[in-house]
Every structure is written in structure tokens, then in C-alpha cells.
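Engineer: Provided herewith is a single structure, encoded as C-alpha cells, for subsequent inquiry.
Only the coordinates and a few stated rules stand behind these numbers; no lab work does. Not measured: the values here are computed from a predicted model. FYI the Cβ positions are ideal-geometry reconstructions off the backbone, even for glycines, and counts take in every protein chain you see.
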Amino acid sequence: MSKYEISFINLCIREFARRFDLTRQAAYEYLHAYQGIEFLIEFYDVEHLQSVEETLDDLVVLCGKNGGHLS
């Protein structure tokens, strides 16, 4: 994994935490539990070209399909 991928995943975790008023640790645990981290790694080549908001929307949909629900 490149330093760019790590920075991107870190950014997504921080912004996900901010959007849902979670701690960064809670956001990471949620994304890890519902395959969000794996999604970011696997589809980095596409996701990093989108806005952060679009990536977060994708994470919400993916995690929701895997059993995670946030409002």
C-alpha cells in the first residue's frame, strides 16, 4: 500500500467520523466491521478521483448493505 493510499484512507475515516459525529476510533471500527476499509483499499483507483463527499456516500451505501446503519 502506498503512502497516498494510506493518506486517502485516513482522510476518509476522519471525514466519516465528522459526518456522523463519531470519534475517529469509532469510525474506523464501524468501517472495518462493515467492509468499508476493504472497499477503500480495493477501489482506491476509482474512489480517490471522486470528491470526499461522494466517497463517503459510497461508504454509507456499502456499509448499509453489509449490515451497518447510521443516520
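Engineer: Can you pull out every residue in region 5-42 that is among the aromatic types (Phe, Trp, Tyr) and under 11 Å from the mean Cα position of the chain (by Cα)?
Structural biologist: Within region 5-42, PHE8, PHE16, TYR28, TYR30, TYR34, PHE39 qualify.
Engineer: Same structure again: Restricting attention to region 19-44, which residues are among the polar types (S, T, N, Q) and exposed (fewer than 14 other Cβ atoms within 10 Å of the Cβ)?
Structural biologist: THR23, GLN25 - these are the residues of region 19-44 that are among the polar types (S, T, N, Q) and exposed (fewer than 14 other Cβ atoms within 10 Å of the Cβ).
Every residue, every condition in (1) polar (S, T, N, Q); (2) closer than 16 Å to GLY68 by Cα; (3) assigned to a helix (DSSP H, G or I), yes or no:
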site: GLU5; (1), (2), (3): no, no, yes
site: ASN10; (1), (2), (3): yes, no, yes
site: ILE13; (1), (2), (3): no, yes, yes
site: PHE16; (1), (2), (3): no, yes, yes
site: ASP21; (1), (2), (3): no, yes, no
site: ALA26; (1), (2), (3): no, yes, yes
site: GLU29; (1), (2), (3): no, yes, yes
site: PHE39; (1), (2), (3): no, yes, yes
site: VAL46; (1), (2), (3): no, no, yes
